Amino acid sequence: LDPESARLVLRVERLLREEPLVSPAKTGILAGVSGGTDSLALLLILSLLRDRLQFKFRACHLNHGLRPAAAAEQEWVAGFCARLDVEFHGRAVDVAALAAQKRLGLEEAGREARLAMFRELAAPTGEVITTGHTLNDLAEDVLMRLLRGSGWPGLAGMDRFNPETGVWRPLLFMERRELVGFLERLSIPHLEDESNQAPDFLRNRLRLEVVPLLLRENPGWLDQVRTLKRLAEIDA
């Protein structure tokens, strides 16, 4: 690795060594991988660290059945995992039918389906579940909670580790641009989900319209989001 990429990987290594609620060397890690920038970077980082830290590691992917390209994307992720010698588990769920059945929005139904897959795969072994959420996702989550009405400390957004779901987000304090640079320096392609540009979903509208405005007003706003979350963790 080039020095900048190595430093990024070592930042995650420190988290793996220091996180008091996570013990991957004992339980192993199950990584959720969509094939997008964030989850693919997480997959690569974990594959680089598994020998250094001696943990078992596998990946999983959920085909939501919402787009024509979804099946091909699952095959692409499976092939990439094979190149890294990472055990892969793929699953297809009709999220639209699930949403209609449970009277949920598509995003919420997708979250439920992913969490069900994570729990089913990780339950027999007690693996730590990891996802590629970044500081950008945290910022969007803070805005969504502010709009919907949330008290403190929940207003500061999603947790780095959620003991109820068993999900750990080791990249939550890293900006997405850092991961984009990481993949570019390694000449690693990634998938683009065109639904991320659709204005139908609140999170997309915040990402595409509101967040850029806030960053223009304060280019260091993401740093403030990180600080807010640290304060919330201390208060909690």
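The values are calculated or read from the model by the stated rules, or taken from the named source; none is laboratory data. None of the values given here were measured: they were computed from a predicted structure. Cβ sites come from the backbone with ideal geometry, for glycine too, and all protein chains shown count toward neighbours. All accessible areas refer to the heavy atoms of the entire protein, side chains included, with ligands and DNA or RNA removed. Shrake-Rupley method; radii C 1.70, N 1.55, O 1.52, S 1.80 Å.
Can you give the log10 of the normalised intensity I(q)/I(0) at q = 0.09 Å⁻¹, computed with Debye over equal Cα scatterers of the chain? Summing over Cα pairs of the chain leads to -0.38.
Shape annotation for segment 83-220: C-alpha extents along the principal axes are 47, 42, 31 Å, from largest to smallest. Note on segment 170-236: along the principal axes its Cα atoms extend 39, 32, 24 Å, ordered by decreasing extent. Once backbone amide H atoms are built at 1.01 Å from N, PHE57 has ILE29 as its partners under 5 Å, excluding neighbours fewer than 5 places away on the same chain. Rounded to the nearest percent, how much of the accessible area of the chain (1.4 Å probe, protein heavy atoms only) is carbon and sulfur? The computed percentage sits at 52.
Here the simple spin-label model places points 7 Å from the Cα toward Cβ, and for ALA116 and ARG7 these points are separated by 4.5 nm.
Each helix, a run of at least 4 DSSP H residues, gives -39500 (n - 2.57); summed and divided by the residues of the chain, these come to -16500 deg cm²/dmol at 222 nm. Less than 5 angstrom separates the built amide H of THR130 from those of LEU30, ALA31, GLY32, TRP168, all sequence-distant by 5 or more or on a different chain. Helices in the chain that qualify as membrane-span-like (whole DSSP H runs, Cα extent of at least 18 Å along the helix axis, mean Kyte-Doolittle hydropathy of -1.0 or higher) are 3-18, 37-53, 70-83, 106-122, 135-148, 221-235. Peptides 146-158, 113-125 ranked from most to least packed by the mean count of surrounding Cβ atoms within 10 Å: 113-125, 146-158. For segment 14-114, taking Cα atoms only, Rg and Dmax work out to 15.4, 46 Å respectively. Taken over the C-alpha atoms, segment 64-109 has Rg and Dmax values of 13.3, 40 angstrom.
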